[in-house]
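Below: the structure, in C-alpha cells.
The values are calculated or read from the model by the stated rules, or taken from the named source; none is laboratory data. Quick caveat: nothing in here was measured; it's all calculated off a predicted structure. Every residue, glycine among them, receives a Cβ derived from its backbone with ideal geometry; neighbour counts consider all protein chains shown. These accessible areas exclude ligands, DNA and RNA; they are computed on the full protein's heavy atoms, side chains included. Shrake-Rupley method; radii C 1.70, N 1.55, O 1.52, S 1.80 Å.
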Amino acid sequence: MEKKNLDWANLGFGYVQTEKRYVSVYKDGKWDNGTLTEDATVTLNECAGVFQYAQTVFEGLKAYTTEDGHIVTFRPDLNAARMVESAKRLEMPPLPEAQFIDSINQVVKANAAYVPPYGSGATLYIRPYMMGTNPVIGVKPADEYMYRVFVTPVGPYFKGGAKPITIKISDFDRAAPNGTGHIKAGLNYAMSLHAIVTAHEEGYAENMYLDAATRTKVEETGGANFIFITKDGKMVTPKSDSILPSITRRSLMYVAEHYLGMTVEHREVYKDELKDFAEAGLCGTAAVVSPVGKIVDHGTEICFPSGMDEMGPVTKKLYDTLTGIQMGRIEAPEGWIHTIC
Ligand SMILES: *Cc1c(COP(=O)(O)O)cnc(C)c1O
C-alpha cells in the first residue's frame, strides 16, 4: 500500500477529507449491515432530530502505525461501550459493540494510505458519530438514525515538545449533577464554546470546570480529564458522576499502578487541594497528556513546582509509558491493542 504524500510532521489538528467513510442506518427498529461510501456529505430533512433537538453523540479514537509496521487502534472496545451509554442517555438505539469495532476496522483499512507512518508523531483520528435523522417537531426521540465513521490524519499534538499550559478556573459550569456530563454528546460541547472562546481571549489555554452544585470540587476541562501528582508521588484523579470517563485517564491509572508501582487515588478533589500538588496534567485521546503549569483562580495563581518549561517528571513517565504501549515499544496489557492490518 502506497502512503499518501502528506507532510505528516506538519499536519495540524484539522479535517482532511479521506477516501472512504462508513454509514449504517437504523430504521424499523434495527441497524442495517452498514457499508463504506465515498460520499462525504450528509443530506437530511430540515426537521431531522439532530438539527432541532441536538440528538447526537460521538466518539473519538486514533489509529497509528506501530514500531513493527502494523496499523492498530487502542482499546476501541471501550469506545464502543461508551457510545452505547451515550446513546442510551439520549434515547438513541445503541449500536451493537461488535458493529462499532467492525466499522472502525473497515474505515481504517480502507484509508490505510492516510495512516501516518511510525515516528512521524502524526496519527489517524477516527470520529464515529450517530444522529437522529427523521423529522421531529414535537419534543421526542427520532425513530430513524444514522451512524457514520470518518477518519482524518492529524499532526503531532505538540509541535516541538509539550509545553505546560496556563488554565483558568471557569465561572461557567460544564455539566449539571444528574445531567449529561458523563456522556460524549455534542450538546456538552456546544455550551462550552462560549467559555473556551472567552478563556482564549483572556490568554488561557483551557478552562478548569468545578462541580456545578458546590463549586468546590474539580471536574474536568471541556474535553480532557485531569490528573494530579502529589508531592509524595501518588496519582490523584477527580471522581464525579458528571465527568466524562476518559479512556486515556483510565489507562493512565492502570499504567501508574501496574507499570510504575504508584498509588492511585480516584476520588473527589477539592479546589483547595490544588496548591498542594506537585504536577498537573490534562488527558485525552488527542494529546494523551498535556502538562498544566499554572492554574489561575480569579487572580490567585497556583503554580506547580514542575514549572512552565517542561512536563513534570512523573507526568512524563506516565506519558512515555502509555505512548510506548500504544506504539508497540512496551508490552501492552491483554486486549489493549487491536491490530487492524
Ligand atoms: C472525549 C473526552 C475526554 C477524553 O476522553 P478519552 O477517552 O481519553 O479521549 C475527556 N473529557 C471530555 C468532556 C470528553 O468529551
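Close amide H pairs (under 5 Å, H built 1.01 Å from N) link E219 with Y209, L210, D211, residues at least 5 positions away or on another chain. Applied to the stretch 284-299, the Karplus parametrisation 6.51 cos²θ - 1.76 cosθ + 1.60 on θ = phi - 60° returns per-residue 3J(HN,Hα) values of x, 4, 4, 9, 6, 9, 10, x, 10, x, 8, 10, 10, 10, 6, x Hz, with x for Gly and Pro.
Of the accessible area of the stretch 40-197, with the probe set at 1.4 angstrom, what percent is carbon plus sulfur? If you can, show how the numbers build up before the last one.
On the way: 3530 of 6340 Å².
About 56 percent, which is the carbon plus sulfur part of the accessible surface.
Think of it as helices only: each DSSP H run of n ≥ 4 in the chain is worth -39500 (n - 2.57), and spread over all residues that comes to -6500 deg cm²/dmol at 222 nm. The 3J(HN,Hα) values that the Karplus relation (6.51, -1.76, 1.60; θ = phi - 60°) gives for the stretch 10-25 are, in residue order, 10, 5, x, 9, x, 7, 10, 5, 10, 7, 10, 9, 10, 9, 9, 10 Hz. Gly and Pro appear as x.
The ellipsoid that matches the Cα gyration tensor of the chain has semi-axes, each √(5λ) in whole angstrom, of 32, 26, 18, with the longest given first. Heavy-atom accessible surface of the chain, averaged per residue, reaches 45 Å², computed with a 1.4 Å probe. The orientation-averaged projection of the convex hull spanning the C-alpha atoms of the stretch 196-338 amounts to 9.1 square nanometres. Taking amide H positions as modeled 1.01 Å from N, with prolines and chain starts lacking one, the residues under 5 Å from N225 and 5 or more places away or on another chain are C283. A simple packing score, the average count of other Cβ atoms within 10 Å per residue, orders the peptides 120-126, 335-341 as 120-126, 335-341, with the highest score first.
Shown in residue order for the stretch 89-98 are the 3J(HN,Hα) couplings computed by the Karplus curve 6.51 cos²θ - 1.76 cosθ + 1.60 at θ = phi - 60°: 5, 9, 6, 10, x, x, 7, x, 4, 5 Hz (x for Gly and Pro). Of all the options T41, T248, T18, the one that moves most in a Gaussian network model of the chain with Cα springs shorter than 10 angstrom is T41.
Two decimals, Cα atoms only, Kirkwood Rh: what is Rg/Rh over the stretch 6-128? Mind dumping the intermediate values first?
Values: Rg = 15.8 Å, Rh = 16.0 Å.
Ratio value, two decimals: 0.99.
Return one quarter of the surface area of the convex hull spanned by the alpha-carbon atoms of the stretch 116-179, equal to its mean projected area, in nm².
Numbers: hull surface 34.4 nm².
Its Cα hull, projected and averaged over all orientations, spans 8.6 nm².
Each residue was assigned an accessible area with a 1.4 Å probe, and for E201 the value is about 150 Å².
For each pair in K62/K109; K163/K234; K88/K239; K4/K184; K234/K271, compute the distance between the two Cα atoms and list the pairs where it is over 20 Å.
Values: K62/K109 13 Å; K163/K234 22 Å; K88/K239 22 Å; K4/K184 31 Å; K234/K271 18 Å.
Over 20 Å apart, Cα to Cα: K163/K234; K88/K239; K4/K184.
The stretch 1-73 and the stretch 128-172 have their alpha-carbon centroids 12 Å apart.
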